[in-house]
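What follows is a single structure, written as structure tokens, with notes after it.
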Amino acid sequence: MFETLFSDPTVQFIAFSTVKILVVFGVVMTFVAYAVLVERKVSAFIQDRVGPNRTAPPFVMKIPVIGPFLVRCGIFQPMADGLKFILKEDFTPDYVRKVYFWLAPAIAVIPAFLTLAVIPFGSQLSAGPGAQKMVIADLNVGILYTFGIVSLGVYGIVLAGWSSNSKYPFLGGIRSSAQMISYELAMGMSVVAVFLVVGDLNLGKIVRFQAEHGWMILYQPVAFLLFLVSAFAETNRLPFDMPESESELVGGYHTEYSSMKFALFFLGEYANMIASSAMMVTLFLGGWSLPFLGEPAGSLWGGLLHLGIFVAKMLVMLVVFIWVRWMLPRFRYDQLMDLGWRRFIPLALANIVVTALVLALVDGWGKGT
Amino acid sequence: MSNAATTAPAPAAPPPVEKIRIRVDGREIDVPKTLPDWQGKPQATTMLQACHLAGCEVPHYCYHPKLPVAGNCRMCLVEFGTPVMDPATRKPVLNEDGSPKIARSVLPYEPQTPRGAIACATPISPGMELYPGSPATKQMREAVLESLLINHPLDCPICDQAGECKLQEYSVQHGQAGSRFVEAKVHKPKAVDLGPRIVLDDERCILCTRCIRFTKDIAGDDALGIVNSGSYNTIATFPGRPFDNNYTLNTVDLCPVGALTSKDFRFKMRVWFLRETRSVCTSCGSGCNITIGSREDTVHRYEPRENDAVNSSWMCDSGRLNYRWIGRPDRLQNVLVNGIKSTWKAALTEIGSRLTAAPAGSVALVASARQTCEELYLLKRLATRLGAVTDSVPREGEGDRLLVAEDRNPNSNGARLTGICYTEMGLQLPRIADGIRSGAIRTLVVFGEDVTLHGIGPDLLAKLETLVVSDILPNATTAAAHYVLPGCAHAEKRGTFVNVKGRLQRFLKAVEPKGDGRPEAEFLQELAAGLGVGGGHATIEGLFNQMAKDVPAFAGVEWAHLGDTGVNVPI
Amino acid sequence: MTKVVDRKPLSFYERTYVPALWEGLKVTARHFKRSVQGHNTAKELGEGYYPEVPWRVSEGYRGAPYLVRDQDGHTKCVSCQLCEFVCPPKAIRITPPGPDGPPADRPNAEKMPREFEINMLRCIFCGLCQEVCPEEAIFLEDHYSLTGLTREEMVFDKERLLKLGGVHAGTQKWKNKLEEAAAQESFPVATH
């Protein structure tokens, strides 16, 4: 009876989707926690420090060799951080607009996770007709969906800035709305060229195209650069962390937040980073494929290998995000706007035109008309 | 200033003032030939006054405009020059360009050394040139200051005068950073108990004799003098006789250094923390102008404020030290309804409905002549509306020839002018007492008085249906009251008083009221509005101007006209 | 003496940010590599890390301000309140003795504070109190780790400040004056 039920494709679909959602959510949450640790460790090493190396549950130091090593790596730091965020006093100032103040952190974190729904993080886990694609929602307008959701991310920050009813968060909110809208344009236009080359909006098909014809970064290096820089701006990472800018806005939009509500903003930022990395890997760096591993997996091990490849590429991109943060100073606001509007958007437009022309020429030659 | 309400006959057009043309630091200026001296008699204008008129202050210690000139501190030395006269023709000798030739003052046998004159005591003459800014003048000042500092102990950290000390100020302006004096300083007695209110530090004294002159010539008590000689000069009283008259603390104000300090203010607060608020003394009907020194809602001292129409630059010790009650811990701080803490809104609503219900003739009102004119005016309006008998309480004491008035109420004339009482105060009090006894008066409103001391005893108060009391400190009347409304001391509100001579003067707010206390004018307006008689002035300015329209004596006066020194009104 | 430094105009290549980015990546990568290879600045300097090895306070460090006593064990502060006046965050609160306060424990100084409080939560360790003090009675010492469980606990009172401050053997101005006055014999001097 159980088998008959499970052979029903609808039930199968629901079951697999649920499992995928849970797994992705769990993995991403872990990534977020450890991305913070990596960030702290990398920054420490870059600055000749040691970084977190003390947090240890009571029993760990008793384990010979491995225990102290793990502690020195700071493996347990994220757990302590999480615990601290939960236990801290959740303070809501008297003068804030309460409903929006509570709503903003949630709005900040949800889009980051929703974006991940359309990312193909692997090919499939087994061959055959019943094989499940390694993507939660295989939309044929995946990228449109992504941009739609990403645009919502700004609401969290703007709402936080406005509802805090205090000047620094307000300035942070204003900055972020201008910044995110500006760079969304550049980002969106840089991707248009990719679709021109592939001829499809489905992210799975884009990866498949790259597996067959080589990585998109080779066809569209300009688009990749534009997307990379815009991604920094969209995730509010240095050198574009204008909305937060601790040194001038004492934290910007999240100045008035504490405890778990603050943690949600933090979570949102890192989840956004992960989503952006995943997006870049999917669009430009061949997704789950490697030059010699282009075929969709035929077995469970092959599927897991693809999954691993995707995660590895994503981690590299994450490290780039972190590395850049500790290398570049913050842009001035006018420079940021100048870069977005006067350099990137024209460049992206030019890229589209050139790509279209080249494609037309190649097409024309190919068809001989 | 508007003089619409001034009763003093308009002074006859003053005779044309004879002017003398002199030059101060090269600038030509016409100054009057004579100016009033400390007694108001015309005297030849001095160089110091001329410099002052030219907008150039000459530093000085012993000179004080309200005291006889002594000329002993030498701080006001100024280099000057006089026009050269031809001995034969008695005409001024002219330079080649036609300007009069000026001979700079020099030492008789050392013509290369400039000689100064003490500006406080040297009269000016036509054509004179004064050089208060010249290098020679500067050098003279530096030398005098250095000489004064030779034996000065420099214990500014423990000196109460620090912050308002002329020695400190001039040292900054004219002094030297380091001392050249290598010998041991002469040490004199410190913390000498000069009288019940004065401490003397002889080391700090620069022997300007301001205190001696004040006590002798103003207070009329020749109590102080200088004993010993040379560096051992000290200020002293006659042996065995303390320095004790009612004006001793003025010498503390006069003392330019920290030699004479007040026992009351001793080590209490550094003067630079004190916020200065212009106010009026409430201890008697004279209404001496004062400056309240307060810090963070604590009143620390009163100081006299110059007003030649009232108190010159002085005030009496008894008035000056009468401020501690403002900060008393037992001040009324809560609105009480039948002894239970309530809110202003509830209490005022209840009082309003009770007063509205009271039949005409059953209400009496006793208001203190310590209340401000605005409050008395509002009370009078209230009383008129209720058909109430009103009166105030007289308070008499011994006066003196200088400042203290026999009338110890600060605003008796205000009470008379607003119609709270007749010219003779307290006539209605026995009638009110009889009314309560016979049951005709069943509602009594008391502001700022303890009526149990004035013929309306606790037994009578117990017979009342409604007893509304507003006061500052608890007493037998507030204990018997059905409604207690905590009021404000004068330092906690703004308002006006009319003194015994008819001077209408305003005072400003220095500290915040205690507890729930509110300015009486504020809640009286709310009460009056509830009864349909006025209210609605958010500020004391508006209320005052309204009162000035309604009270004949104040006709034409506006709050803005009062200034810091007030105006005269007909009484 | 204005020195004008001419700024070289950036070339197009430089204006693309690329060389600056590249240099930045190189520098950070170098440091990263060094750290990963096990270099450790603190160990190379022969020191350990903070809680185990207390931080070495250098000369002139501005730690918490405390009151000091003179070599005779007397309070040096005379309650002149200049520090209270100058204190930018208003962390210092002095209650002067007033006319009937306790006499100073130092002969001849006449005055000492009835209460002296420093709110260490407000203090910004700027050192203006030490600079302004005419009696050399308050010093920023080397305590840098101030913690407490309540706000009240972080308001240090006179006794605590004096205890933490220790002794400062400086010039005994008031004592010298008293001795000088006693030696002159011109006026009777009350010796305590």
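Where a number appears in this text, it was derived from the coordinates with a stated rule and is not lab data. Model, not experiment: these values are computed from the prediction. Here the Cβ positions follow ideal geometry from the backbone for every residue, glycine too, while neighbour counts run over all protein chains shown.
Here are the numbers for this structure:
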| read-out | value |
| --- | --- |
| Too-long pairs where the Cα-Cα distance tops 24 Å, listed order kept, from B:K190/C:K173; B:K345/B:K380; C:K90/C:K173 | C:K90/C:K173 |
| Candidates C:W174, C:W55, C:W22: whichever shows maximal mean-square fluctuation once chain C is modelled as a Gaussian network with Cα springs under 10 Å | C:W22 |
| Across chain C: Cys residues that no other cysteine approaches within a C-beta distance under 4.7 Å | C:C77, C:C80, C:C87, C:C123, C:C126, C:C133 |
| Inter-chain Cβ neighbour average for residues B:150-161, partner chain, 10 Å | 4 |
| For residues of B:187-193, the mean tally of beta carbons on other chains within 10 Å | 5 |
| Kirkwood Rh in Å, taken over all unlike Cα pairs in region B:258-305 | 11.6 |
| Alpha-carbon centroids, region B:484-541 and region B:342-417: separation in whole Å | 12 |
| Residue (of A:I322, A:S277, A:L305) at the positive-pole extreme of region A:264-339, dipole from beta-carbon charges | A:I322 |
| Of the DSSP H helices in chain B, those whose Cα atoms cover at least 20 Å axially and whose Kyte score averages -0.5 or more | B:135-149 |
| Relative contact order of chain C, pairs being alpha-carbon contacts under 8 Å that are 6 or more residues apart, as % | 24 |
| DSSP H segments from chain A that extend 30 Å or more along their own axis, Cα-based, with Kyte-Doolittle mean of 1.0 or above | A:9-46, A:142-163, A:167-198, A:259-284, A:300-325, A:345-367 |
| Region B:233-329 - charge dipole about Cα centre, Lys and Arg +1 at Cβ, Asp and Glu -1, debye rounded to 20 | 340 |
| Packing rank of B:283-294, B:554-565, B:471-482, where each peptide gets the mean count of other beta carbons within 10 Å, highest leading | B:283-294, B:471-482, B:554-565 |
| Of B:H490, B:G435, B:V445, farthest towards positive along the dipole that unit charges on Lys, Arg, Asp, Glu beta carbons give region B:427-571 | B:G435 |
| 19 Å tail of the calculated P(r), region B:333-489, as % of Cα pairs | 52 |
| 15 Å beta-carbon shell around B:H561, net charge (K/R +1, D/E -1) | 0 |
| Magnitude of the charge dipole, the protein assembly as shown, Cβ model with Lys/Arg +1 and Asp/Glu -1, debye to 20 | 1320 |
| Cα-centred dipole magnitude for region C:65-178, charges only on beta-carbon of K, R (+1) and D, E (-1), debye, nearest 20 | 160 |
| Value at 222 nm in deg cm²/dmol, rounded to 500, when DSSP H runs of n ≥ 4 in the protein assembly as shown each add -39,500 (n - 2.57) | -12000 deg cm²/dmol |
| Rh by Kirkwood over Cα pairs, then Stokes-Einstein D for region B:404-489 at 1.567 mPa s and 4 °C, µm²/s | 94 |
| Order of B:K268, B:K216 - criterion: other Cβ atoms within 10 Å of each residue's Cβ, fewest first | B:K216, B:K268 |
| Qualifying GluC sites (Glu not before Pro) for region C:1-94 [loop in DSSP, other Cβ within 10 Å: at most 11] | C:E52, C:E59 |
| Spatial separation of Cα centroids for region B:160-190 and region A:66-95, in angstrom | 62 |
| Chain A pair-distance distribution - Cα-Cα, 20 Å bins, rounded % | 26, 55, 19, 1 |
| Placed amide H near B:R275: partners under 5 Å, 5+ positions off or other chain | B:S294, B:R295 |
| Cα lying deepest toward the dipole's positive end in the protein assembly as shown, options B:L508, A:Q220, A:I86, charges on Cβ | A:Q220 |
| Proxy reagent accessibility, fewest Cβ within 10 Å first, across A:F265, B:F273 | B:F273, A:F265 |
| Out-of-range pairs (alpha-carbon distance over 25 Å; input B:K41/B:K101; A:K205/A:K313; B:K138/B:K166) | B:K41/B:K101 |
| Chain A: relative contact order as a whole-number percent, Cα under 8 Å and 6+ apart | 22 |
| Rg over Rh [alpha-carbon atoms, Kirkwood Rh] for region B:19-148 | 0.98 |
| Taking region C:65-178 and dividing mean pair separation by its residue count, relative contact order in percent (alpha carbons under 8 Å, at least six apart) | 39 |
| Alpha-carbon spread of chain B, three principal axes, descending order, Å | 96, 56, 37 |
| Overall form of region A:309-369 per C-alpha gyration tensor (a/c, 1.5; a/b vs b/c) | oblate |
| Using alpha carbons only: equivalent-ellipsoid semi-axes of the protein assembly as shown, gyration tensor based, whole Å | 80, 44, 33 |
| Fewest-first sequence of B:L453, B:L467 by Cβ atoms within 10 Å of each Cβ | B:L453, B:L467 |
